[in-house]
Amino acid sequence: MVSKKTLGTIDTWKRSLLENWKLYQQSKMGIIAIIIIILFVLMALFAPYLADRDPMNYRAPDEDVYTTQGAWAKYMNATPADFQTGDYEKLTTGAVTVFSSYSPMVHVVYVGTNRGNVYSLNSIDGFPSWIKSVDNSNITAIHGENEAGIGLDPYLYVGTENGNIVKLHDSSKINTTTNHTEGYGVIAWNYSTGAMITAEPLVNQDTHTVYVANWNGDVFAIDTTLGTVKWQQNVGAPVRGDMVISADKNTLYVGTASDTEGVISAINTGNGLVMSTYNEVAPLNSGLSYDDKLNVVYYSIADTLYSRSVANVSSGALSDATTLQLSGLLTAPTVDIHTGTLYLASSDGSVLSVRSDMTIRWKNETNMGSITIAPVYSDKLDLLYIGTSTNNFITINANDGSIRILSKTVAPLSGKPLPVDAVPQEGAIKIAYQKGLFVTTRCSVELVNAAGKSALPLPPTWVKSVPSGNTYLLGTDAQGRDIWSQLVYGSRVALIVGFAAAFFSITIGVVIGLVSGYFGKAIDSVLMRLADVILVLPFLPLVIILAAVLGPSIWNIVWAITLVGWPGVARTIRAETLSLKERPYIDAARITGASHSRIMFRHIAPNVMPLAFLFATFSVSGAILTEAALSYIGLGDPTSMSWGMMLHTIQTSGAQLTAWWWLLPPGVAITLICLGFFMIGRAFDEIVNPRLRKR
């Protein structure tokens, strides 16, 4: 049961609030301010529904963050307009590079075309150093070697559709002024195998031998110096894709594919004798892959991945096959020799990572077109590069299979992308790439940044869409975090700090002001001198010191603001109390025997509350601005996203002048909410000071 005393107190407070509210409603500015504050309160209350992304931990996916950045693109005797008619020289091989042993830069890029030409391109700007015609048919394979092992002395082994294998010497020298190569290609020898070269030539520099295979199933060992045949062996069916050589260089493994079956042949590299064969129930999809650390041969047939370990090193014998059934028509697996992990793709658009024990590590179903070229792996960046039939060029994070970059090429890839460790950083291009990637399509060679260029911070998606289809209403920050989520959840921090700091500082100030003004004398002197000490100290430096000492926390900021915010309130309430305690109704209360606390908190306090509310509104906006200032200079709570923290991160990122979508939202929000509380304060001021009311 509520006592009459309590009911009387409630009635007094209620009557005072209703009277003040009637007066407040007369202020249009005050009503607008209330609407602004209500909107921010609703934003804070319904933050999980307005923004479903974690403002601190969410990151935009790599495919939205990273974009390809090209240094140059070279079209083989064609312009983009020629691609519509199809009358242009088409590239038939992927890029091949040869490195200088005394420079970390790539100096030369080689490609072959459907007209029998080999292009030598400067890696600086793609300009051809020379063009050499080696045949009148398609170039089907190119392999590059620096056989001298010093300087830049490249030799190319070029296979053609007519069955020729051509050794081509690049006689170019490096112009140290321009860092370009200048010279021409010279044919060292030309040997006809009788049928289309179907595999990339495989060179053993220790024995000066190049191994070549053709569509008739002939495998040749050719002397790299003289161009003479050391041995020739027929394996009974067209050789399908790449051959591999064992770690000890004694066994050559060749995969074939007839109309009905596939065969793996182990050939002695010394005399060409077939030591063993392994028949499969269907043709091989493509060539072989080999892990020279685990001594395992991998290949794919239809939708199944096969693994055979070398059971006998001396004879090259292979173990029984271990299989893993997947889906679609599989590419040849790409081996990461450091971890034994396999990467392969499928005609159904999926990309897979498989462990050496033939268990799936991850699978990504890209749904972006058929993939027929084996993924290329860069162990330096832990990235995969894949091209699809729909001209999508995809860079995938090899660790988890997520898409890092999704871009378009002008045509389907004609060969594997070629990642390289370094590309020139001077000359015609000024882009300081750390890693490079040569991408070859049917009509162009392009040099791009292998790791991709970060597009962060991302602009709003209504300004520029992103590959993932995600919506970023206000874009992202430099870490890929959603700015809209930060803005919404930042309203919680602003209101918590504002209301809490105002409540504590006003409560302390009102109590001290009432006690000091009512009792006077020694109590008044002690309390007011304490207030004076705090008042003479500069506000912001004192708050900064307190926040630094207490540590980075939202509540520590609240306590710091409270400790320095109450003296001004206390002095004003004291002055009002000094006036009110001399009023007749206070004397009447004393005569009736009212206690000191009853007089202060029932009779005086309700009459000073308009002043307290006035100070509260200004204290809220002041606390919000103070928190923003502390966060901006790095003293905010790093575990909570506030508007001040948003301004701090943009300031440290240096994007103030470029990322307007990041800078404006917290600035506008701080301005609006502080303006709202300021206008409420002005409306209260009209209540407290009748002379300000409009007549």
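Against the definition (of a type outside the set (Phe, Trp, Tyr), part of a loop (DSSP other than H, G, I, E, B), modelled with pLDDT under 85 and closer than 19 Å to residue 436 by Cα), how does residue 87 come out, yes or no?
For residue 87, the condition - of a type outside the set (Phe, Trp, Tyr), part of a loop (DSSP other than H, G, I, E, B), modelled with pLDDT under 85 and closer than 19 Å to residue 436 by Cα - is not met.
Checked against (1) surrounded by 18 or more Cβ atoms within 10 Å (Cβ to Cβ); (2) without any contact (Cβ under 8 Å) to a residue 40 or more places away in the chain; (3) assigned to a strand (DSSP E or B), residue 189 passes all but a single condition, namely (1). For the stretch 545-563, filtered to residues that are small (Gly, Ala, Ser) and more than 17 Å from residue 531 (Cα to Cα), the residue that is surrounded by the most Cβ atoms within 10 Å (Cβ to Cβ) is 547.
Hey, could you check the stretch 239-280 for residues that are out of contact with any Asp or Glu (no Cβ under 6 Å at 6 or more places or on another chain) and in contact (Cβ under 8 Å) with a residue 60 or more places away in the chain and say which is nearest to residue 200 (Cα to Cα)? Checked the stretch 239-280; the qualifying residue nearest to residue 200 (Cα to Cα) is 241. Among the residues of the stretch 428-436, not a single one is modelled with pLDDT of 85 or more, among the charged types (D, E, K, R) and surrounded by fewer than 24 Cβ atoms within 10 Å (Cβ to Cβ). Look at (1) in contact with a strand residue (DSSP E or B) (Cβ under 6 Å, 6 or more places away or on another chain); (2) more than 26 Å from residue 117 (Cβ to Cβ); (3) not in a strand (DSSP E or B) and you find that residue 199 fails only one, number (2).
Within the stretch 469-487, the set of residues being buried (at least 16 other Cβ atoms within 10 Å of the Cβ), among the polar types (S, T, N, Q) and assigned to a loop (DSSP other than H, G, I, E, B) comprises 470 only. Within the stretch 573-599, being within 13 Å of residue 520 (Cβ to Cβ), surrounded by fewer than 13 Cβ atoms within 10 Å (Cβ to Cβ) and charged (D, E, K, R) holds for one residue alone: 582.
Within the stretch 217-238, residues that are over 30 Å from residue 261 (Cβ atoms) have Cβ atoms under 8 Å from residues that are part of a loop (DSSP other than H, G, I, E, B) and modelled with pLDDT of 95 or more in no pair, counting only partners at least 6 apart in sequence or on another chain. The residues of the stretch 227-241 that are over 20 Å from residue 191 (Cα atoms) and surrounded by fewer than 19 Cβ atoms within 10 Å (Cβ to Cβ) amount to a single one, 236.
For every residue, the table says whether it meets (1) in a helix (DSSP H, G or I); (2) touching a strand residue (DSSP E or B) at 6+ places or on another chain (Cβ under 9 Å); (3) of a type in the set (Gly, Ala, Ser); (4) without any contact (Cβ under 8 Å) to a residue 60 or more places away in the chain.
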residue: 514; (1), (2), (3), (4): yes, no, no, no
residue: 526; (1), (2), (3), (4): yes, no, no, yes
residue: 531; (1), (2), (3), (4): yes, no, yes, yes
residue: 541; (1), (2), (3), (4): yes, no, no, yes
residue: 544; (1), (2), (3), (4): yes, no, no, no
residue: 552; (1), (2), (3), (4): no, no, no, no
residue: 559; (1), (2), (3), (4): yes, no, no, yes
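Exactly one residue out of 290, 299 is in contact (Cβ under 8 Å) with a residue 12 or more places away in the chain, over 20 Å from residue 209 (Cβ atoms) and touching a strand residue (DSSP E or B) at 6+ places or on another chain (Cβ under 6 Å): that is 299.
For the stretch 238-259, indicate whether the set of residues that are in a strand (DSSP E or B), closer than 27 Å to residue 372 by Cα, modelled with pLDDT under 95 and of a type outside the set (A, V, I, L, M) is non-empty. Yes, some residue in the stretch 238-259 is in a strand (DSSP E or B), closer than 27 Å to residue 372 by Cα, modelled with pLDDT under 95 and of a type outside the set (A, V, I, L, M). Within the stretch 94-149, restricting attention to residues that are of a type in the set (A, V, I, L, M, F, W, C), within 22 Å of residue 166 (Cβ to Cβ) and not in a strand (DSSP E or B), the residue that is modelled with the highest pLDDT is 134. Test residue 132 against the stated conditions and say whether it is among the charged types (D, E, K, R) and farther than 23 Å from residue 94 by Cα. In short, no.
Of the residues making up the stretch 625-643, those that are touching a residue at least 24 places away in the same chain (Cβ under 8 Å) and either buried (at least 21 other Cβ atoms within 10 Å of the Cβ) or not in a loop (DSSP other than H, G, I, E, B) (or both) number 12.
Checked against the criteria, residue 336 does not count as charged (D, E, K, R) and more than 28 Å from the chain's Cα centre (by Cα).
The values are calculated or read from the model by the stated rules, or taken from the named source; none is laboratory data. Bear in mind the structure is a predicted one, so any value in this text is a computation, not a measurement. Note that we place each Cβ from the backbone using ideal geometry, even for glycine, and neighbour counts take in every protein chain shown.
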